[in-house]
Amino acid sequence: MATAVSAAPPVTTAAARPPGYYVRQRLWQNRPAVAGLAFIALCTLVALLGYWVLPDNSPNASHGFVQIQKERPGLRVQLLRQPLPDSARNNERADNLFATWLHGREPDVQETPIGGYEFSGDSIILKPLGQHSAEAGRPRRLALSAVTGHAGEPGVLRQEIKDKHVIVRSYVLGTDKAGRDELSRLLLGTRISLGIGLVAVLISLALGMAVGAVAGYFGGWVDSLLLGLMTVVWSIPGIMLVIAISLALDSKGVWVSFVAVGLTMWVDVARVVRGQMLSLRSATFVEAGRVLGLPTWRLIAKHLLPNMRGPLIVLATSNFAAAILLEAGLSFLGLGVQPPAPSWGLMVKEGYDLLGTEAGLWLTLLPGTAISLLVLSFNLLGNGLRDAYDPKTPVAA
């Protein structure tokens, strides 16, 4: 009689996970690093959206009014809007969403802050706004048709003015010394700070990896020569290098500042890559590649540099924060981004010049806080990435 043989239960084995899985797990369990990453992501979103999300989407967010300069946060102002002669041309340009995202949008109406208004027959009487009024406290009379841009019955024109030509605008963070919206300029400043950090990191990585890889792989007199170059550049203050590069290029524009900052930060990357290359060039997989006849450039680019991914990512985050601080310092000294671009360092300088006045405190504090938070976020992320790439860091179950 045949006996039934029961099948053995299948043996379950834990699925092999790639190293990147554990890196991500260590990073997500680091709450400060995740908070820093979230703030960086928020700033990146604001920078990408740019003029589309600004309360004042004029070029460089520089649409200001003398009547409301240096006003405190929470200001609400009535604005009278009148048509401009070239409004049709401006409207055609405003239809281009990409142009608006890149450069902003020129105002297609003339706006005037007012303290109030009242109608008198076929005219409107505008009351001046506070002590900063350019009209020296005297009311101004305008014809109703001058406000609407067309003739009509007085009753109809009055209703149109109430509905379309008189608006209330809020300045959540107040205005600067030129009467510009501080919130719009702070938000637009993220584009400059993140942009200069990104360009500086890309330049420093490209140049530093090339120099460090060549020095570490070939060694000998090549290493000695390039190491001497690194030492000389390392000994020169970054701000002096930026000044020299700006003078050599004979310009102090935004992109010159981006490139100049990037060219001062490659030494850090080169030293790290050189050290890693010296320790890896005699590894077994490199010797196997040489035996197989792989070209030198392929050994370096395809096999050696990818093994330095962790240290380079950590260094890139720290260089990102250093580039933001360097740009802010240069703009504060007048050597970086030039007015009217809304650089955070330049905004700190404008507030610093007003210290001792009521407006000086928040005009200095607001951009200074923005710089501190963004730099702190990159430092927290860098610390988290350093721990995440350390295999000794425990992973939560």
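The values are calculated or read from the model by the stated rules, or taken from the named source; none is laboratory data. All values reported here derive from a predicted model rather than from experimental measurement. Cβ coordinates were reconstructed from backbone atoms using ideal geometry, including for glycine residues, and neighbour counts include every protein chain displayed.
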Residue check, Leu241 in a helix (DSSP H, G or I), at pLDDT below 90 and among the hydrophobic types (A, V, I, L, M, F, W, C)
yes
Would you point out which residue out of Ala38, Ala47 is under 30 Å from Thr100 (Cα atoms) and surrounded by fewer than 18 Cβ atoms within 10 Å (Cβ to Cβ)?
Ala38
Reported set for region 60-90 where residues are at pLDDT 90 or above and under 18 Å from Tyr117 (Cβ atoms) is Phe65, Ile68, Arg76, Val77, Gln78, Leu79, Leu80, Arg81
When every residue in region 12-34 that is out of contact with any helix residue (DSSP H, G or I) (no Cβ under 7 Å at 6 or more places or on another chain) and touching a residue at least 12 places away in the same chain (Cβ under 8 Å) is compared, the one farthest from Glu106 (Cα to Cα) is Tyr22
Quick one: Ile236 ticks every box in (1) under 30 Å from Leu278 (Cβ atoms); (2) surrounded by 14 or more Cβ atoms within 10 Å (Cβ to Cβ); (3) at pLDDT below 90 except a single one, so which number is it?
(2)
Determine whether Gly228 is among the small types (Gly, Ala, Ser), assigned to a helix (DSSP H, G or I), under 28 Å from Ala301 (Cβ atoms) and in contact (Cβ under 8 Å) with a residue 24 or more places away in the chain.
no
Could you list all residues from region 244-258 that are assigned to a helix (DSSP H, G or I) and crowded, with 16+ Cβ neighbours inside 10 Å?
Ile245, Ser246, Val254, Val256, Ser257, Phe258
Being more than 30 Å from Leu48 (Cα to Cα), surrounded by 20 or more Cβ atoms within 10 Å (Cβ to Cβ) and touching a residue at least 60 places away in the same chain (Cβ under 8 Å), is that true of even one residue in region 217-225?
yes
Is it the case that some residue within region 178-191 is assigned by TED's automatic domain parsing to the domain that holds Leu333, closer than 22 Å to Val269 by Cβ, at pLDDT below 95 and assigned to a helix (DSSP H, G or I)?
no
Residues (charged (D, E, K, R) and without any contact (Cβ under 8 Å) to a residue 60 or more places away in the chain) located in region 135-179:
Glu135, Arg138, Arg140, Arg141, Glu153, Arg158, Glu160, Lys162, Asp163
Qualifying residue in region 231-238 (condition: among the aromatic types (Phe, Trp, Tyr) and either more than 27 Å from Leu385 (Cβ to Cβ) or touching a residue at least 40 places away in the same chain (Cβ under 8 Å) (or both))
no
Every residue in region 98-111 that is free of Cβ contacts under 8 Å to residues at least 40 places away in the same chain and outside any loop (DSSP other than H, G, I, E, B), please.
Phe98, Ala99, Val109, Gln110
Anything in region 140-170 that is closer than 29 Å to Pro73 by Cα and of a type outside the set (A, V, I, L, M, F, W, C)? List them, or say none.
Arg140, Lys162, Asp163, Lys164, His165, Arg169, Ser170
Neighbours by Cβ (under 8 Å, 6+ apart or cross-chain): first from region 354-379, more than 19 Å from Leu187 (Cβ to Cβ) and touching a residue at least 12 places away in the same chain (Cβ under 8 Å); second among the β-branched types (Val, Ile, Thr) and in a helix (DSSP H, G or I)
Leu354/Thr364; Asn379/Thr317
Here is a check on your reading of the model: is Thr190 within 30 Å of Leu363 (Cα to Cα) and of a type in the set (Val, Ile, Thr)?
yes
Any residue in region 167-184 that is of a type in the set (Lys, Arg) and in contact with a helix residue (DSSP H, G or I) (Cβ under 7 Å, 6 or more places away or on another chain)?
yes
Need a quick list: helices (runs of 4 or more DSSP H) entirely within region 264-361 having at least 3 residues that are surrounded by fewer than 16 Cβ atoms within 10 Å (Cβ to Cβ) and either modelled with pLDDT of 90 or more or assigned by TED's automatic domain parsing to the domain that holds Ser224 (or both).
266-280, 284-291
